[in-house]
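Trainee: There's a structure below that I have some questions on.
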């Protein structure tokens, strides 16, 4: 069925600013939106130590804004650190929130912006994945190129009590402004560049495989794939290459915009499973899962995968659609390996865990939520097969 017969919704920030050194004029862009008062900057120790938080504070002061910095964000944030940041913001009497850092810092900031105007704690709302109304204004300033969270209505937050990854999914946390300055990503270490790039690639490709894909999201996602194929290895191994950083920053932002409505599918379901059980970093989990999720969807998304092969720079002339789709799967696996990422979860867990992991993949509501966006139903047998193949690193033989 052609997508024109669907009803789709597009959510993007009210304002997007993209450009080299754009962060130095952040106060001006905030004023243009009619936002005033004291800024609460939510970031992490690494970003603060790199001087990036101080750069933002100085830029804000230039335009008359006061700012207070919470720099205790952490990777894969849980509800406890969100509450700590919210308490800080309340004590500082903040008027708006700036999320500065990778996806984790911005995800915390999204929660903080809500709790500045709502009572209670993060877990009070996380159980329902939403907030009852829009919170304080939020500006998202990424320092990595991966999550695209600066343009999404999602925030991934782990339940501290059991380690299960939960999430918010609501337009109330969509940033009012995304400010993307590629110069802020130049200091990213190679491993972080690679893993966040894998997250962006997963967003772009999984969006195209999702049930609610449509011409607009396909176009944005496909261009993101093209940029990542061109720029990710350069950004990893030549971190100060600004052209590569610009392409990756665009790709991350575009992939985030693309998946906001169609959602993401089995690759993220597997990545969240591995993250919840083994605490595998999110981007690494995405790298492990993506080729197998693509192959899992071969029967439902063959033409899309063939187009992805071309975007990845593969010469598919003279190939059948199936052959081209298979080339896309192998090309993604090779790209991920080229930047030093694993494409099997064997280093993190045991094969004997597969029955337990499969049970989680089909019973945990925080995992099965992804299948609402999927074209192909997930069964326990399929979960076992997906887990087995991704453990063994097995692609290409008779599949599903």
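Just so you know, all these numbers are worked out from the coordinates, no wet-lab data involved. This structure is a prediction, so every number in the text was calculated from the model and none was measured. Because the Cβ atoms are built from the backbone with ideal geometry, glycine has one as well, and the counts that use them run over all protein chains shown.
Trainee: At a 10 Å Cβ-Cβ cut-off, how would you order 373, 345, fewest neighbours first?
Mentor: 373, 345
Trainee: What spacing in nm lies between the two simple spin-label points modelled at residue 160 and residue 353, each 7 Å away from Cα in the Cβ direction?
Mentor: Calculated label separation equals 2.4 nm.
Trainee: Could you check what % of the DSSP bridge pairs in the chain are antiparallel, to the nearest 5? Intermediate results must be reported in sequence, preceding the final value.
Mentor: On the way: 5 of 25 bridges.
Around 20 percent of the beta bridges assigned by DSSP in the chain are antiparallel ones.
Trainee: Let me have the 222 nm mean residue ellipticity of the chain computed from DSSP H runs of 4+ only, each contributing -39500 (n - 2.57), with the sum over all residues rounded to the nearest 500.
Mentor: -16000 deg cm²/dmol
Trainee: Relative contact order for the chain: what percent, with Cα pairs under 8 Å and sequence separation of 6 or more?
Mentor: Details: 864 pairs, mean separation 58.1, N = 400.
Once normalised by length, the contact order is 15 percent.
Trainee: Which one is right for this structure if Rg and Dmax of the Cα atoms in Å is calculated from it: (1) 20.1, 65; (2) 34.8, 98; (3) 26.9, 92?
Mentor: Read-out taken from this structure: (1).
Trainee: What does the extension gain come out to for residue 31 and residue 319, with contour length at 0.36 nm per residue minus their alpha carbon separation? Can you show the working numbers first?
Mentor: Details: separation 288, 0.36 × 288 = 103.68 nm, distance 5.38 nm.
The span from residue 31 to residue 319 would gain 98.3 nm if fully extended.
Trainee: With springs only between Cα atoms under 10 Å, which of 161, 247, 351 fluctuates most in a Gaussian network model of the chain?
Mentor: Result for the chain, Cα springs under 10 Å: 161 fluctuates most.
Trainee: When a footprinting reagent is the concern and you count Cβ atoms within 10 Å, what order do 362, 20 take, fewest first?
Mentor: 20, 362
Trainee: Using only alpha carbon pairs under 8 Å that are at least six residues apart, calculate the relative contact order of the range 190-392 and give it in whole percent. Provide the component values of the computation, followed by the final result.
Mentor: Details: 343 pairs, mean separation 51.6, N = 203.
Result for the range 190-392 is 25 percent.
Trainee: Another question about this same structure. Can you tell me, using C-alpha contacts under 8 Å and at least 6 residues apart, the relative contact order of the range 3-185 as a whole percent?
Mentor: On the way: 411 pairs, mean separation 49.6, N = 183.
Once normalised by length, the contact order is 27 percent.
Trainee: Which one of 137, 355, 377 has the biggest mean-square fluctuation once the chain is modelled by GNM with Cα springs under 10 Å?
Mentor: Greatest mean-square fluctuation among the candidates belongs to 377.
Trainee: Related question: Which residue, 207, 143, 388, has the most motion in a Gaussian network model of the chain that connects Cα atoms within less than 10 Å?
Mentor: 388
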